[in-house]
Amino acid sequence: MDVAHRQTLLLFSLICLSYVSGTHFSFPRLGALRRTIRNRPEAESISSVSKDFKTIFYSQTLDHFNYKPESFTSFPQRYVINSKYWGGPNTSSPILVYFGAEESLDYDLFGIGFLRDNAPRFKALQVYIEHRFYGKSIPFGSREEALRNASIRGYFTSAQAIADYATIILHIKKTLSAKNSPVIVTGGSYGGMLAAWFRLKYPHVALGALASSAPILYFDDLAPQVGYYAIVTKDFKETSESCYETIRKSWDEIDKVASEFNGLSILSKRFKTCKKLKRSFDLKDYLDSIYSEVAQYDHPPTYPLNIVCRGIDGAPKGTDTLDRIFAGVVAYMGNKSCYDMDEFNHPTDETYIGWRWQTCSEMVMPIGHEHSASMFPPSPFNLNKFIRKCKSLFGVQPRPHWVTTYYGGHDLKLILHRFASNIIFSNGLRDPYSSGGVLENISESVVAVYTVKGSHCLDLLPEMKTDPPWLIKQRKTEVQIIKSWILKYYTDLTEFRDRT
């Protein structure tokens with residue numbers, strides 16, 4: 001094993017230890033798509049849609065904001081286009097752009113349906129752009145080398161990412177003779193935040209933005225720290241009071257067993273962990289991740305939260321609390337020979353590693369357990385501890401106020417109701433991240449579209465025959481708003497052409 005590889009493994013190990021050390025649970029993951037391996041599209045499903053897509057690598061500038069010699073270093077950034085339904089060059093037909101976020105672009109091509117479903121309605125060109133440092137868009141070719149190098153990691157920021165998007169969009173418009181084609185940018189979760197921020201920073205590039213499940217208020221003190229887990233608790237309690245009570249009681253039961261002689265071995269056997277537990281916290285963090293995921297992505301028609309609760313509630317009469325909890329794990333994760341406690345935070349997963357850097361630099365989202373009626377044990381967010389961990393890991397101090405400084409957030413309605421335009425903030429109120437979302441209209445064209453029964457980024461998923469009426473209505477509303485933006489743009493385009 002060479003020195004560079006050993007250094008990389010050491011970095012990943014430190015990140016893994018840092019993320020779950022102490023008693024603070026892992027942060028709930030963002031992302032438009034659920035990330036458990038069991039829910040990934042099959043490879044053949046991805047290849048089945050690839051015939052309509054063309055992959056291109058753009059020579060992207062490493063640093064958009066400085067003029068140092070190294071700033072002009074370039075790296076290949078992947079984007080994918082689908083022109084199947086496009087009206088063509090010189091027609092002013094729209095361009096729908098999806099912003100890739102903290103994972104490879106591969107699964108977005110299959111899992112995101114909003115562009116594919118609406119391209120025929122708009123005669124639109126579809127464009128999907130990968131976020132720098134993820135997937136195949138890695139500076140210097142190797143993710144390991146890029147993340148190991150402190151100087152290179154410094155270019156791994158949201159501001160650089162949206163500058164990448166602007167550069168590629170303008171390149172596409174020029175290359176395809178689409179100068180007057182209006183651009184609508186979309187994104188979900190972190191990508192939804194990028195879409196909203198892009199419209200604010202680059203209004204000359206994008207006519208409008210659809211920001212799905214974008215928790216842009218989960219910074220500083222804009223949203224309550226306990227908001228996320230308060231909604232998870234509410235979702236479980238509304239689904240099944242007995243399921244909620246079983247989970248609420250289980251944490252003390254886990255600690256009780258762990259404190260006994262050979263307690264960790266007993267827990268390891270009862271929960272069939274792939275490796276023997278070294279502490280009860282690892283099991284609790286794993287369960288926390290399951291409950292967070294099923295609440296966040298409680299999509300129809302399967303409704304995974306119901307699956308977990310049916311497993312817990314459906315255990316035979318007389319089953320004790322921990323066996324009921326394990327029954328919920330099996331119901332959701334499937335009947336496996338063993339269960340990997342690192343499944344949701346695997347130390348070699350690119351999203352895990354990349355997002356850890358992003359949260360340790362600028363994306364500081366203070367999420368914790370503090371709510372008195374929560375089904376989770378207390379675990380408040382401690383900024384000072386968080387800063388110390390990030391400094392020990394990366395040698396940099398997080399900037400918890402930078403997002404609101406650079407993009408705004410405080411007094412959002414007061415500031416944006418005159419300054420901003422053409423942004424849809426879409427949310428589902430059963431999504432825990434909706435606690436940090438924009439849930440009321442800011443102006444006539446900066447609007448909130450939400451559903452009471454919706455979940456995380458549900459409106460971006462492919463249309464299905466089983467979609468409930470409220471979801472169909474939400475998507476229809478979003479499309480009508482976007483159509484109105486485009487029609488106004490065409491009117492303006494004609495008017496300004498006539499003047500010249």
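The values are calculated or read from the model by the stated rules, or taken from the named source; none is laboratory data. Quick caveat: nothing in here was measured; it's all calculated off a predicted structure. Cβ placement follows ideal geometry from the backbone for every residue including glycine, while neighbour counts extend to all protein chains displayed. For the accessible areas, the whole protein counts, side chains as well, though only heavy atoms, and no ligand, DNA or RNA atoms are used. Shrake-Rupley method; radii C 1.70, N 1.55, O 1.52, S 1.80 Å.
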- Query: How much of the DSSP beta bridge set in region 320-463 is antiparallel, as a percent to the nearest 5?
  - Reply: 10
- Here are some pairs, Lys237/Lys391; Lys51/Lys123; Lys136/Lys413; Lys51/Lys465; Lys256/Lys336; which of them have Cα atoms lying more than 30 Å apart in this structure? Lys237/Lys391; Lys136/Lys413
- Round to the nearest 10 and give me the degree value, 0 to 90, for the angle of helix 469-499's Cα axis relative to the longest principal axis of the chain. 20
- Message: Tell me the angle of helix 3-20 to the major Cα principal axis of the chain, expressed in degrees between 0 and 90 and rounded to the nearest ten.
- Response: 70
- Message: In region 382-420, whose amide N lies under 16 Å from the spot 7 Å out along Cα-to-Cβ of Phe140? List them in ranges.
- Response: 394-395
- With every protein chain in place, region 242-365: carbon and sulfur % of accessible area (1.4 Å): 51
- Message: Rolling a 1.4 Å sphere over the protein heavy atoms, what is the accessible area per residue of region 106-219, to the nearest Å²?
- Response: 27
- Which order do peptides 244-255, 208-219, 262-273, 99-110 fall in by mean Cβ count within 10 Å, highest first? 208-219, 99-110, 244-255, 262-273
- Message: Expected output is a single nm value to one decimal: the length gained when fully extending between Tyr67 and Glu440, i.e. 0.36 nm times separation in residues minus the C-alpha distance. What is it?
- Response: 130.2 nm
- Note on the structure: If one compares the long axis through the Cα atoms of helix 350-361 with the longest principal axis of the Cα atoms of the chain, the angle in degrees, nearest 10, works out at 80
- Message: Among DSSP bridges having both ends in the chain, what percentage is antiparallel? Round to the nearest 5.
- Response: 35
- Item | Size of electric dipole in the chain: Cβ of Lys, Arg +1 and of Asp, Glu -1, about Cα centre, debye, nearest 20 | 660
- Item | Cβ-Cβ FRET estimate between Gln397 and Thr494, R0 fixed at 56 Å, reported to 0.05 | 0.60
- For region 65-79 and region 83-138, what is the separation of their Cα centres, given in Å? 23
- Message: Can you return the aspartates and glutamates within cross-link range of Lys272? Criterion is Cα-Cα under 19 Å, with same-chain partners fewer than 8 residues away left out.
- Response: Glu253, Asp255, Glu260, Asp282, Asp285, Asp288, Asp320, Asp323, Asp340, Asp342, Glu343
- Task: Extending each Cα 7 Å along its Cβ direction at Lys465 and Asn384, get the distance between those two points in nm, one decimal.
- Result: 6.0
- Just from its helices, what would the mean residue ellipticity at 222 nm be for the chain, if runs of 4 or more DSSP H residues each count -39500 (n - 2.57) and the sum is divided by every residue, rounded to the nearest 500 deg cm²/dmol? -14000 deg cm²/dmol
- Task: Determine the alpha carbon to alpha carbon distance for each of Lys54/Lys483; Lys179/Lys488; Lys84/Lys174; Lys179/Lys473; Lys54/Lys473 and list only those over 22 Å.
- Result: Lys54/Lys483; Lys179/Lys473; Lys54/Lys473
